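**Q** Sharing a structure, written as structure tokens. Questions coming.
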Protein chains: 2
Amino acid sequence: MTKSIAMFVAAAAVMIPVTLGFRAQENEATAYPGGYRSWTHIKSGLVGPGSPAYPEYGGIYSVYANEKAMEGYRTRVFPDGSVIVFDVLEAKETKGTTTGEARKFIDVMIKDSRRFAQSDGWGYEKFRGDNQTERALTAKARTDCHSCHTSQKDRGYVFSSFRP
Amino acid sequence: MTKSIAMFVAAAAVMIPVTLGFRAQENEATAYPGGYRSWTHIKSGLVGPGSPAYPEYGGIYSVYANEKAMEGYRTRVFPDGSVIVFDVLEAKETKGTTTGEARKFIDVMIKDSRRFAQSDGWGYEKFRGDNQTERALTAKARTDCHSCHTSQKDRGYVFSSFRP
């Protein structure tokens, strides 16, 4: 009994830090990008009904980049810590002017060469509405994200360019 | 002759500082807002052919605010030094997605209670294309700007709101 407890404690001493370490790492890597609305605005546009992306991406979109990602937009080599947010709002047209209303979701790209080594250093996540905690992507969806972004390998796997 | 020269010098001593002072003040007040693309992005949208504003404002627009103007967006009292930029790009639609191309112009609002006392503290300017030196507005156009913005008196004379 004493031996069992000792073994349990010993095992726990190894496992708890490993588990906490993994969780901390995961939270850090795919956390909601708080404060991104103050980051640099890369560009905006409108995805309309004529786009094949409309069912999911229809609306007014804006792309934001943190400081490290801005270095990537300049050099097309995105350093670890780069975060890019693709922010999609419901579109509403009034008298010929289309504006953004409620948030549909944000897509997030995070560069971490170690954690996301299998996808060339990029991690992907989606937060629907204004929810900052529920990660909406399945493992397969994340793989699909990167499959598409691989077409932009020569541009650091990022589609957009900074519009000066 | 000596007296004339003395009078000329005396007059110049008064006039030159006044002239330089006025120019410096004017340049400071309506200078091109360098670096505004790094300011906070307030919102974006599309002015389409169905809008009465289309002939001048048709395109993808984005609004940017400097730090002082951000205080104004929070309180609807815009402190002196607030600068707001309304940036309009030519719209181009490709497969249902509309993006911004060449810059049509930027409209600029600057808050300076002293210099623009006659228009409730707001000065207005327009820079066409990427031109950073030629001010495109006539005195009448500036008055027209403010006549319209007066409808937003209770909101600090500013139409837009920050879209969190």
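**Q** With viscosity set to 1.002 mPa s at 20 °C, what whole-number translational diffusion coefficient in µm²/s follows for the stretch A:26-128 from Stokes-Einstein and a Kirkwood radius over Cα pairs?
**A** It diffuses with D of about 147 µm²/s by this estimate.
**Q** If you bin the C-alpha pair distances of the stretch B:76-163 every 5 Å from 0, what whole percents do you get?
**A** Taking all Cα pairs of the stretch B:76-163, the binned fractions are 3, 13, 20, 22, 17, 13, 7, 4, 1, 0 percent.
**Q** Rounded to a whole number, what % of the accessible area of the stretch B:101-160 do carbon and sulfur atoms account for, probe 1.4 Å?
**A** So the carbon and sulfur contribution to the accessible surface is 50 percent.
**Q** Roughly how many debye, to the nearest 20, is the charge dipole of the stretch B:78-146 about its Cα centre, given +1 on each Lys and Arg Cβ, -1 on each Asp and Glu Cβ, and no other charges? Mind showing how you got there, number by number?
**A** Details: 12 positive and 12 negative charges, 25 e Å.
Dipole size: approximately 120 debye.
**Q** Excluding residues fewer than 8 places away in the same chain, name every one of the lysines whose C-alpha is closer than 21 Å to that of A:Lys111.
**A** The qualifying lysines are A:Lys43, A:Lys68, A:Lys126, A:Lys140, A:Lys153.
**Q** Sticking with this one: Please identify the GluC sites (Glu not before Pro) of the stretch B:87-160 that satisfy two criteria: DSSP loop assignment and at most 12 other Cβ atoms within 10 Å. Which are they?
**A** B:Glu134
**Q** For A:Val77 and B:Phe159, what is the calculated FRET efficiency with R₀ set at 35 Å and r taken between the beta-carbons, to the nearest 0.05?
**A** My answer for the efficiency is 0.30.
**Q** Please compute the contact order of the stretch B:86-164 in relative form: average sequence separation of alpha-carbon pairs under 8 Å and at least six residues apart, divided by the residue count, as a percent.
**A** 18 percent
**Q** Also: If one takes the accessible area of chain B alone plus chain A alone and subtracts that of the pair, with a 1.4 Å probe, what total in Å², rounded to the nearest 100, results?
**A** Values: alone 10210 and 10200 Å², together 18300 Å².
Looking at B and A, the buried total is near 2100 Å².
**Q** I'd like the distance between the alpha-carbon centres of the stretch A:88-140 and the stretch B:82-130, rounded to an integer number of Å.
**A** 28 Å
**Q** Going by a 1.4 Å probe on protein heavy atoms, which residues of the stretch B:93-121 end up with at least 40 Å² less accessible surface in the whole assembly than in their chain alone?
**A** Residues shielded by partner chains are B:Gly96, B:Thr97.
**Q** In nm, to one decimal, how far is the modelled label at B:Arg128 from the one at A:Thr94, with both set 7 Å along Cα→Cβ?
**A** Reported label-point gap for B:Arg128 and A:Thr94 is 3.1 nm.
**Q** Over 5 Å intervals from 0, what percent of Cα-Cα pairs in the stretch A:94-138 sits in each interval?
**A** Cα pair-distance distribution for the stretch A:94-138, in percent: 5, 19, 18, 17, 13, 11, 7, 5, 3, 2.
**Q** Quick check: net charge around B:Ala136, other residues with Cβ under 12 Å of its Cβ, Lys/Arg +1 and Asp/Glu -1?
**A** +1
**Q** Same structure again: How do A:Phe116, B:Phe127 rank by accessible surface area computed with a 1.4 Å probe, from largest to smallest?
**A** A:Phe116, B:Phe127
The values are calculated or read from the model by the stated rules, or taken from the named source; none is laboratory data. Note that this is a predicted model, so its numbers are computed, not measured. Using ideal geometry, Cβ is built from the backbone for each residue, glycine included, and neighbour counts are taken over all protein chains shown. Ligands, DNA and RNA are stripped out before the accessible areas are found, and what is left, the full protein with its side chains, is counted by its heavy atoms. Shrake-Rupley method; radii C 1.70, N 1.55, O 1.52, S 1.80 Å.
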